[in-house]
């Protein structure tokens, strides 16, 4: 299979089970909502060392947010619920609450919930105020239903006094099953063209709801394998795709490839990841790109397999 002359390798991306939460961060304007979202998703590229993977999902217009202000949707992914609770406590408490004018709302409907605002309220030193808001709520946020109103009981929020005024945060945040590690590799003739193709891919994928690309700018230069000659390391550089090691290792690079970049995708479901991979690969197939491949470990690492050719059919 070829797209615009670019070979699509007959392989699959291997992904694994994760847990996900969605934060809706609002502020007085888009600038401050984005600032809080960017800080809250910092140092969140890989669960290998960051504790979570996170990214900005989309900017939300004021008429679709719970408080009628400009907002940003953020997705956070962890390996389990305990890790999610720890990460949300740190990131909402240290990155969102500290940012001028922000509020933070739950954006996922789920049976499982974590009391994030219900714990952060103690920062109010006894002066925090609880407020239960009855339905109706905005029916959609980020393309999915907003959490909260299954039995008509409403949603509880906490007003925490801060020096600027008050920080409004929802008491509980939903956690749902998700998928991490969807990916594809872009093999190009030069670093410049490979970067351009990767940028085009990310730009196309950012329009797909329910996914984030957690690495810097959505792009990974230091792809890894799950083995190392050093016993203290869980992962090491993916030697098969390093151009400078072509003559020293069992290389997976065809002739003419001098640069490889990887796009990693975390998503709420398989369909969202497949759609993101589809539009991303199509956008990456530009002159100077030799092959599109994917990272897998023979099916031994994850529970999900995203076959490139099947997705593109």
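The values are calculated or read from the model by the stated rules, or taken from the named source; none is laboratory data. Please read all numbers here as calculations on a predicted model, not as lab measurements. Positions of Cβ are backbone-derived with ideal geometry, glycine not excepted, and every protein chain shown enters the neighbour counts.
Determine which member of the set 120, 108 is in contact with a strand residue (DSSP E or B) (Cβ under 7 Å, 6 or more places away or on another chain), assigned to a helix (DSSP H, G or I) and not assigned by TED's automatic domain parsing to the domain that holds residue 268.
It is 120.
Of the residues 54, 13, 21, 37, which single one is part of a strand (DSSP E or B), touching a helix residue (DSSP H, G or I) at 6+ places or on another chain (Cβ under 9 Å) and over 30 Å from residue 289 (Cα atoms)? Don't jump to the end; show me each part of the working.
Numbers: 54 fails: over 30 Å from residue 289 (Cα atoms); 13 fails: over 30 Å from residue 289 (Cα atoms); 37 fails: part of a strand (DSSP E or B).
Unique residue meeting the criteria: 21.
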Hey, among the residues in the range 225-270 that are touching a residue at least 12 places away in the same chain (Cβ under 8 Å) and part of a helix (DSSP H, G or I), which one's nearest to residue 307 (Cα to Cα)?
-> 270
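Would you be able to tell me the number of residues in the range 64-91 that are touching a residue at least 24 places away in the same chain (Cβ under 8 Å) and part of a helix (DSSP H, G or I)? Please lay out each step first, then the result.
Taking the range 64-91 and keeping what is touching a residue at least 24 places away in the same chain (Cβ under 8 Å), we get 64-67, 69-81, 83-89, 91.
Keeping just the survivors that are part of a helix (DSSP H, G or I) gives 64, 81, 83-89, 91.
The qualifying residues number 10.
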Please verify whether the range 89-107 includes one or more residues that are surrounded by fewer than 18 Cβ atoms within 10 Å (Cβ to Cβ), within 18 Å of the chain's Cα centre (by Cα) and within 26 Å of residue 130 (Cα to Cα).
-> yes
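From the set of residues in the range 123-137 that are in a loop (DSSP other than H, G, I, E, B) and surrounded by 15 or more Cβ atoms within 10 Å (Cβ to Cβ), which is modelled with the lowest pLDDT?
137
So which of 44, 49 ends up being without any contact (Cβ under 8 Å) to a residue 12 or more places away in the chain and either surrounded by fewer than 18 Cβ atoms within 10 Å (Cβ to Cβ) or part of a loop (DSSP other than H, G, I, E, B) (or both)? Before the answer, list the steps.
Details: 44 fails: without any contact (Cβ under 8 Å) to a residue 12 or more places away in the chain.
Just a single option satisfies the conditions, and that option is 49.
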